[in-house]
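A.B. asks: Quick one: the structure is below, and I'll ask about it shortly.
Computed from the coordinates by the stated procedures, all read-outs in this text should not be read as laboratory data. Keep in mind that what you see is a predicted model, and the values were worked out from it rather than measured. Please note: Cβ atoms are built from the backbone with ideal geometry, for glycine as well, and neighbour counts cover all protein chains shown.
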Amino acid sequence: MPGEMNPRERWGLLLIDEIPDRPPVYPLVTAHAAAVYGCDLTTYVTNGKVMAEAQLAAQRKYGHEGLSVFSEVGIIAEAMGSRYHYRQYDVPILDQPIIDNHNQIEKLQAPDPGSTGRLSVYLDAIDTMYEAAGDILPIFAFIPCSFTTAAGLRGVEEFLMDTVLAPEAAHAILDISLQAAIRFCDACVLAGALPVLVDPLASGSVISRRTYQEFALPYQVKLISYLHRYDLDITLHVCGDTSKMLDLIPQSGADLFSLDQAELPQAVAEMGERVRLVGNLSPSSLLPSSHQVISDCTHRILSQGIPNPKGFVLSTGCEVPIKCQPEKLQALIQVGKQAHYDFQW
Amino acid sequence: MIPAKQINYRQWHELFKEIPDERVKNTRYYHHLPDAEWSQYLFPPSTHAVYGNRLLRKMKFDNSPAALRLWGFVLSESERIYRARQAGMKVVAVVGDLGAITPLVYSFPDTVAFYPDCLWWTPFLMESRVLFNEAGQLGMGEDCCFVRAALGAFSKRAYFPKPNLIIGTVGATCDDMAAVMSGTEFIGNDVYYLELPARDTIPGNQQRQLSFLADRYREVATRLEAVTGHSFSEDRLHETVGKVNLIRSLISEVKDLAATTGPNPMGGMEMMNVEFAALSYYGDLEECTAVLGAFRDEMKARVEQQNGYPDQPLRIVWVTPPADPILQNYAEDLGARIVGSEYVINQSTPALKTEGDVFENLAEGQLAGSLMGSSRFRVDLVVDQVRRAKADGVIISGIFASTHCPYETRPIIDAVRKEGVPVLAFDVVAPGKKQLQSQINNRMEAFIESLRMRRSRRAG
Ligand code: SF4
């Protein structure tokens, strides 16, 4: 229909503090795309072309407003030497971390994204998507922040212990993880994607506010300021409960915050003048809830998010479950697309 | 001095790391506003590619910081216009007059102008048919010049803010642009029309025309008073004309430098960006002057030191702006360099008079435009460039189905051939038509190869 904005246009306005016709509708459709496309998860996370085709197929089916390049948060740690276990029906999980004693830290290197591990899967996926639809759809590459990669290099429990018992070693792992993230971000940007930084291990569900301030936040700051030098608008996604650290999030410099288990009104109050909010229908509610419940929740979220002064994106709090029934996701998207700002051109 | 080179977007992404942080931070527009991060614009092409300007991944760019600054300034124009409105400035869209009215607009405080017509290169830059499809849905299809992208942009409401005033110049200008204006009005925008007389060369008629047009400009000034809330000031217009003349002289100087007999000091697309700055100063008159000043300094130093691109010996005059920026890159890759151009905006480069009636001076500038009046005028402009630049060949990149430019292609070809200079003329292919594009590439290859052989034959 003439006069209708496309996703690229809508996001473009949001990112320069303009009001689009309505908030972009961008549920985090990641591995769920494999289910739509009909491929197994091992293929999805190891073949960039398949990941791209699956993403494009899911986007055609649902009409959500962005493509997501994501396998799992261990992608950098694996390229640096940790071993991951691939599964046919779920995303890879950490099998064997590369660091089992601190002497190994100095041997770590920031991997070459073109030739190491599965990093090139992302680059192939981005390249294919960009060629196919980059003029209309923004492409987001989900890149783990240092804290999460460090946990993948050392093992989650060991790394959390390090933050208490061997903080210098923890920082050394974080430093090299940061270098790796920067290198990977650069490659994704050159392929045509905007980085979305994910730091699930830095969640209030896993660590304390103090640990976040000392070990996660400073590296988020460094990574975001590196990307800001290129004038890129950066989304920070932290899964789980972030309600006790919402006031700290703006310090990271993130332009958008994708929140999971925190109250949207609280986030609006804490950071709405500075940060665009992305959220936050609970992904788990997409499984058991009725069409009506999803629709009601989406309406509630929209009414809370739309007033955010810096802007709002309707999304899920975390990844759409692999086995989500399409009608459930469609319910969310349908309601989202009926929303509107009181926009007078 | 760093050797002049054309590099790709990957190389600029790396090279950008060497640019000091302070320089990145301090390269800003709208200096009269409080320091805001959004006003920085010194960023590499990769930044703009991520936001959908896909062609940048295929293009080559000059490797100087001055050229990067120019690109950053040009590519940030859309955001700049939005920021202007957010900061409370008035935004005036000027359609169809190509540079004549903007000094008047900028003479009003806190007022900026932009040319929606210039969106015609957006579909090429994004390798996208979105704006053309939008215009098509509104009844303007492939039987209109690429300038129809502007109608698509008006309809989409996502490429520039709603202008406080749209000034549409009609009459002795281009029909395609006039059609875009009426389409714009049709979808609900108020257009303030301004009638241009055709250039008349009969001596007695000239003064009459001048007075007629000067009166129209007086009316525009009154309209601008209503829109901006400021009264017109002749002193401010004088001051603005002084600044505009500085920009115009910088452009002329840069064009002369590009025609040097030494190695090619600059890329054709950078040169085109410089030339088009004459239209609306890309939305910030002061910063535009600084950008062009730094660019001129770079070129001057290069010419003095014979620092240019190697392997581009063949001298080309380019006629009609190539909506598709990759075309000039392609010619350069094949060994050509752009030593002259006729982009239908030549009237926006000569200095405006500063003595006498301010409105008549503006009118005189407008009446020198190659868009209006006989084709002979434009033909002579091209021939003059060919002679001055000692061109080996001329490339005319026409626009399929447009009503204006194509009619001048034939007489230009005839006149240039009479000069003994070969000409290649083709229609630029809209995005998404790969096979047609490869035909154009073949023709360019053959043409440039023939120029090369001609040269070596002449050399003995
Ligand atoms: S036909 Fe020529 S003059 Fe008219 S809008 Fe197109 S390019 Fe400009």
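A.B. asks: Calculated from DSSP H runs of 4 or more alone, at -39500 (n - 2.57) each and per residue, what is the 222 nm mean residue ellipticity of chain B, nearest 500?
C.D. replies: Taken over chain B, the calculation gives -15500 deg cm²/dmol.
A.B. asks: What is the magnitude of the charge dipole of chain B about its Cα centre, with +1 placed on the Cβ of each Lys and Arg, -1 on the Cβ of each Asp and Glu, and no other charges, expressed in debye to the nearest 20?
C.D. replies: 1380
A.B. asks: Can you work out the Karplus-derived ³J(HN,Hα) for every residue in segment B:166-171? Use 6.51 cos²θ - 1.76 cosθ + 1.60 with θ = phi - 60°, whole Hz, and x for glycine or proline.
C.D. replies: 10, 9, x, 9, 10, x
A.B. asks: Taking a point 7 angstrom from the Cα of A:SER225 along the C-beta vector, which residues in segment B:20-35 have backbone N less than 17 Å away?
C.D. replies: Only B:20-26 fall inside the zone, counting backbone N under 17 Å.
A.B. asks: Compute the helix-to-body angle for A:167-191: its Cα long axis versus the longest principal axis of chain A, expressed 0 to 90° and rounded to tens.
C.D. replies: Compared with the principal axis, the helix lies near 50 degrees.
A.B. asks: Now a separate question. Could you work out the longest stretch of chain A that avoids the GluC sites (Glu not before Pro) located in DSSP loops with at most 16 other Cβ atoms within 10 Å?
C.D. replies: Maximal segment without exposed cleavage sites: A:5-262.
A.B. asks: Another question, if that's okay. Along segment A:27-36, what does the Karplus equation 6.51 cos²θ - 1.76 cosθ + 1.60 (θ = phi - 60°) give for ³J(HN,Hα), rounded to whole Hz, x for Gly and Pro?
C.D. replies: Couplings: x, 7, 7, 10, 5, 4, 4, 5, 5, 5 Hz.
A.B. asks: Let me ask something additional. Taking the Cβ of each residue in B:PHE426, B:PHE359, B:PHE154, B:PHE114 as the centre, tally the other Cβ atoms inside 10 Å and list the residues starting with the fewest.
C.D. replies: B:PHE426, B:PHE359, B:PHE114, B:PHE154
A.B. asks: What net charge is computed for the residues neighbouring B:ALA93, neighbours being all others with C-beta under 10 Å from the C-beta of B:ALA93, Lys and Arg scored +1, Asp and Glu -1?
C.D. replies: Taking every other residue near B:ALA93 into account, the sum is 0.
A.B. asks: While we're here: Let me confirm the definition first: pairs of Lys residues in chain A, 8 or more apart or on different chains, C-alpha distance under 19 Å. How many are there?
C.D. replies: 5
A.B. asks: Let me ask something additional. What are the aspartates and glutamates whose alpha-carbon lies under 19 Å from the alpha-carbon of B:LYS5, with same-chain residues fewer than 8 places away excluded?
C.D. replies: Reachable aspartates and glutamates: B:GLU14, B:GLU18, B:ASP62, B:GLU270, B:ASP297, B:GLU298, B:GLU304, B:ASP311, B:GLU332, B:ASP333.
A.B. asks: Would you mind calculating the gained length between B:ASP311 and B:SER456 on full extension (0.36 nm times residue separation, minus the Cα-Cα distance), in nm to one decimal?
C.D. replies: 50.8 nm
A.B. asks: Oh, and also: Figure the gain on full extension for B:GLU286 and B:HIS31 (residue separation times 0.36 nm, minus the Cα-Cα span) and round it to one decimal in nm.
C.D. replies: 91.0 nm
A.B. asks: Right, something else. Quick one: P(r) of chain B from all Cα-Cα pairs, 20 Å bins, percents rounded to integers, in order of increasing distance.
C.D. replies: Spelled out per bin, shortest first, that is 25, 61, 14, 0.
A.B. asks: Moving on. Could you tell me which residue out of B:THR27, B:ASN53, B:LEU70 lies farthest along the dipole of segment B:1-81 toward its positive end? Charges go on the beta carbon: Lys and Arg +1, Asp and Glu -1, centred on the Cα centre.
C.D. replies: The residue sitting farthest along the positive end of the dipole is B:ASN53.
A.B. asks: Could you work out how far helix A:291-305 tilts from the main Cα principal axis of chain A, as a 0 to 90 degree angle to the nearest 10?
C.D. replies: 80
A.B. asks: If you count the DSSP beta bridges with both ends in the protein assembly as shown, what percent of them are antiparallel, to the nearest 5?
C.D. replies: 10
A.B. asks: Just to be sure I understand the rule: take each whole DSSP H helix in chain B, project its Cα atoms onto its long axis, keep it if the span is 30 Å or more and its mean Kyte-Doolittle hydropathy is at least -1.0. Which ones pass?
C.D. replies: Membrane-span-like by this criterion, though nothing is claimed about a membrane: B:203-228, B:234-258.
A.B. asks: Output ³J(HN,Hα) for segment B:190-195: one whole-Hz value per residue in order, computed from phi by the Karplus curve 6.51 cos²θ - 1.76 cosθ + 1.60 with θ = phi - 60°, and x for Gly and Pro.
C.D. replies: The phi angles translate into 7, 10, 8, 8, 10, 8 Hz.
A.B. asks: So, one more: Under a cut-off of 17 Å between alpha-carbon atoms, report the lysines in cross-link reach of B:LYS90, not counting same-chain residues fewer than 8 places apart.
C.D. replies: B:LYS162
A.B. asks: Additional query: Using +1 at the C-beta of Lys and Arg and -1 at the C-beta of Asp and Glu, which of B:LEU367, B:GLN439, A:MET161 has the Cα lying farthest in the positive direction of the dipole of the protein assembly as shown?
C.D. replies: Checked the options; the winner is B:GLN439.
A.B. asks: If you average the C-alpha positions of segment B:148-164 and of segment A:27-59 separately, how far apart do those two centres end up, in angstrom?
C.D. replies: Segment B:148-164 and segment A:27-59 have Cα centres separated by 35 Å.
A.B. asks: Restricting to Cα atoms and excluding each atom paired with itself, what does the Kirkwood estimate give for segment A:27-283 in Å?
C.D. replies: Across segment A:27-283, the inverse of the average 1/r is 18.3 Å.
A.B. asks: Rg and Dmax of the protein assembly as shown, using alpha carbons, in Å: what are they?
C.D. replies: In Å, with Rg to one decimal and Dmax whole: 28.3, 95.
A.B. asks: Students often get this wrong: which residues of segment A:37-65 have the backbone nitrogen under 16 Å from the point 7 angstrom along Cα-to-C-beta of A:TYR89?
C.D. replies: So the set is A:38-43.
A.B. asks: Here is a further query. Rounded, prolate or oblate: pick one for segment B:190-249, where a ≥ b ≥ c are the square roots of the eigenvalues of its C-alpha gyration tensor, a/c under 1.5 means rounded, and failing that, prolate if a/b is larger than b/c, else oblate.
C.D. replies: Cα axes put segment B:190-249 in the oblate bin.
A.B. asks: Hey, in the GNM for chain A with a 10 angstrom Cα cutoff, which one of A:ILE306, A:ILE224, A:ILE207 fluctuates hardest?
C.D. replies: Looking only at A:ILE306, A:ILE224, A:ILE207, the biggest GNM fluctuation is shown by A:ILE207.
A.B. asks: Now for a separate question. On a full-extension model of 0.36 nm per residue, what is the gain between B:ASP380 and B:THR261, subtracting their alpha-carbon distance, rounded to one decimal in nm?
C.D. replies: 40.6 nm
A.B. asks: I want to check the label-to-label distance for B:ASN441 and B:ASP333. Put each point 7 Å from Cα in the C-beta direction and report it in nm to one decimal.
C.D. replies: Label at B:ASN441, label at B:ASP333, 0.6 nm between them.
A.B. asks: With +1 assigned to the C-beta of every Lys and Arg and -1 to the C-beta of every Asp and Glu, and no other charges, what is the dipole magnitude of the protein assembly as shown about the Cα centre in debye, to the nearest 20?
C.D. replies: So the magnitude is around 1660 debye.
A.B. asks: If I take R0 = 30 Å and measure r between the Cβ atoms of B:ASP297 and B:ARG10 in this structure, what FRET efficiency does the formula 1/(1 + (r/R0)^6) give, to the nearest 0.05?
C.D. replies: So the FRET efficiency works out to roughly 0.65.
A.B. asks: Quickly estimate the mean residue ellipticity at 222 nm for chain A, helices only: each DSSP H run with n ≥ 4 gives -39500 (n - 2.57), and the total goes over all residues, rounded to 500.
C.D. replies: So the calculated ellipticity at 222 nm is -13000 deg cm²/dmol.
A.B. asks: In the protein assembly as shown, with Lys and Arg counted as +1 and Asp and Glu as -1 at Cβ, which of these residues, A:PRO200, A:GLY152, B:VAL254, has the Cα nearest the positive end of the dipole, that is, farthest along it?
C.D. replies: B:VAL254
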